[in-house]
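One structure is given here, and the rest of the page talks about it.
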Amino acid sequence: MAPRGGFSSRIGFIAAAAGSAVGLGNIWGFPFEVGEGGGAAFVVIYLMFCFILCFPVMATEIAIGRKTQKNPVGAFTALGYKNWNWVGKLGILAGILILSFYNVIAGWAFGYIFEMAAGHFGGGEQFGAYTLKIFKVGGYGLAFMATTALVVSRGISGGIEKAAKMLMPTLVVMMLGMVIYSLTLPNAMDGIRFYLVPDFSKINAGVVYNAMGQAFFSLSLGMGALITYGSYVNKKENIVSAAALITLADVGIAVIAGLMIFPLIGFMSGGTMEGAAGGPGLIFVTLPTIFGTLGSIGPLVGTLFFVLLCFAALTSTVSLLEVPVAYAVDELKIRRSRAVWIVAGIIFVIGIPSLLGFGYSDFFSTAFTTYKEGGTDTDFLSFIASVANDSILPLGGCMIAFFAAHVWKKHNLDDELAEGSPNYKGSFVQKYLNFAISYLAPFVLGVVFVLTVLFKFFGISLF
Ligand code: TRP
């Protein structure tokens, strides 16, 4: 059998994993969650979840991957627990579902590069009309999926690692440029205040809950994406410090995305911050409106913004595609170059209903009720996102943590984490990770899973 390949350096792995984590979730999701969750208080809770709960799960996923050198399904089997590989299968299903709708949004963003360059700043009306042009947005989506497949087909070090090492630094530079520009606008400081000065009276169970889901999704956890990336990591690497760096990078980019966006909202609202809670439309509706008020520099700023959004999305779609591809290569013995295009094609087709659910097809726009705070979503994309992000990911995370601590056993996890980290055993970090993986993560994620399914699909709210 051909060798599986692997990351060529520590920095290459960290760039790729951080690239997976940093995506639409950070730049599109995080700011609107902050806006709806009342600002800085949400940020504080989000940070706590990232470090207390998610970081241990991340280290565990990477350790399972590196130990077994396998995709999420093969990994459970390789450890001797074939009857647990349904967790891996569920993860692969989640990856396929997430990529199917994520690619639709990435495709919109790709097309918006050209809308911005052409100076089309029509806000909500324009966006509504845009999502109805099915062949146009479908074509952008197809182009985005093809780019993703092209990167993945080049393999781990030649494709995924190379792309991440190029795109991630560029992304950071472009974002910092945008932040500096945003901060020079009138009323920028009102945006910063809203964003960074916490008002804890805004915290309620729903906010805590969203912060948890956002942290988990943003860090690419719960479906074995990091088991897969971990399977390409060298035994000499220090997993714990890599996981810490990846978490920091992801949080850092999300924070920077807020610094870029809230001053713009401060500017547009004349300091009242009205519109900060713009929801999922924030990026495609509110921001373009703002770019339209910037005068001659508007098209440039708008184009730059959507280019950087696409860069962030691409390193994430690549990681989502790699999971089912690794499965097809390892378990079904299909050549990578062929597996990539077959899997990408299937996922694109699965994404078509998501594409049609914005008014083009009545059925896919209205027939899929899920509950959310203060109302319901009725389109297919929201429905699939609830199934994958809100249900399968917490369940997967709960099962992965429980498995590692109580089935595979803590001492085996410790042994793997200690490889490449000679001082790990006996350290405070080890004790904390053991506690988090044995008790905290299975419990919290299990509860979140049950509560979410009851609420999202049945409208039953227990808190
Ligand atoms: N973390 C990415 C984002 O924030 C999305 C993503 C990529 C993801 N791979 C994943 C989410 C695996 C969950 C699981 O946009």
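Put simply, the amide H of residue 372, placed in the peptide plane, has neighbours under 5 Å in 377, leaving out anything fewer than 5 places away on its chain. Of the complete DSSP H runs in the chain, those spanning 30 angstrom or more by Cα along the long axis with a mean Kyte-Doolittle score not below 0.5 are 85-117, 162-183, 239-268, 298-330. Using C-alpha pairs under 8 Å with a sequence gap of at least 6, the mean separation divided by the residue count of the chain gives a relative contact order of 31 percent. Select from the stretch 404-463 those trypsin sites (Lys or Arg not before Pro) which occupy a DSSP coil region and have at most 14 other Cβ atoms within 10 Å, ordered by residue number. Answer by residue number: 409, 425. Computed with the Debye formula from one identical point scatterer per Cα of the stretch 96-137, without solvent, the log10 of I(q)/I(0) at q = 0.21, 0.29, 0.33 Å⁻¹ comes to -0.69, -1.07, -1.19. Per the Debye calculation on the stretch 45-86 with a single equal scatterer at every Cα and no solvent contribution, log₁₀ I(q)/I(0) for q = 0.17, 0.19, 0.35 Å⁻¹ amounts to -0.52, -0.59, -1.07.
Which shape class applies to the stretch 171-287: rounded if a/c is under 1.5, otherwise prolate when a/b exceeds b/c and oblate if not, where a ≥ b ≥ c are the square roots of the Cα gyration tensor eigenvalues? It is prolate, given that a/c is not under 1.5 and a/b is the larger ratio.
Secondary-structure-derived ellipticity at 222 nm for the chain, considering helices only, amounts to -21500 deg cm²/dmol, per-run term -39500 (n - 2.57) for DSSP H runs with n ≥ 4.
Approximating the spin labels as points 7 Å out from Cα along Cα→Cβ, the residue 363-to-residue 425 distance works out to 6.0 nm. The stretch between residue 410 and residue 439 holds 9.3 nm of extra length on full extension. This uses 0.36 nm per residue minus the Cα-Cα distance. Once the 1.4 Å probe is applied to the protein heavy atoms, the chain comes out at 37 Å² accessible per residue. In the frame of its principal axes, the stretch 251-357 has Cα extents of 59, 33, 27 Å, reported largest first.
Can you give me the convex hull volume of the Cα atoms of the chain, divided per residue and expressed in Å³?
Per-residue hull volume (Cα only) is 132 Å³.
Solvent-accessible area assigned to carbon and sulfur over the chain amounts to 68 percent, based on a 1.4 Å probe. Distance between the pseudo-spin-label points of residue 197 and residue 114 (7 Å out from Cα toward the beta carbon): 4.5 nm. With the simple model of a label 7 Å out from the Cα in the direction of the Cβ, residue 245 to residue 48 spans 2.9 nm. Does the stretch 162-237 come out rounded, prolate or oblate, given a ≥ b ≥ c as the square roots of the eigenvalues of its C-alpha gyration tensor, rounded meaning a/c under 1.5 and, failing that, prolate meaning a/b above b/c? Oblate, since a/c reaches 1.5 and b/c is not below a/b. A full extension of the chain between residue 172 and residue 129 corresponds to an added length of 12.3 nm, given 0.36 nm per residue minus the alpha carbon distance. Computed from the Cα positions only, the extents of the stretch 323-463 along the three principal axes stand at 59, 49, 21 Å, in decreasing order. Rounded to whole Å, give me the distance from the Cα center of the stretch 131-145 to that of the stretch 190-216. First find each Cα centre; the distance between them is then 34 Å.
The values are calculated or read from the model by the stated rules, or taken from the named source; none is laboratory data. For clarity, every value in this text was computed on a predicted model and none was experimentally measured. For neighbour counting, all protein chains shown are included, and Cβ atoms are generated from backbone atoms with ideal geometry for every residue, glycine included. All accessible areas refer to the heavy atoms of the entire protein, side chains included, with ligands and DNA or RNA removed. Shrake-Rupley method; radii C 1.70, N 1.55, O 1.52, S 1.80 Å.
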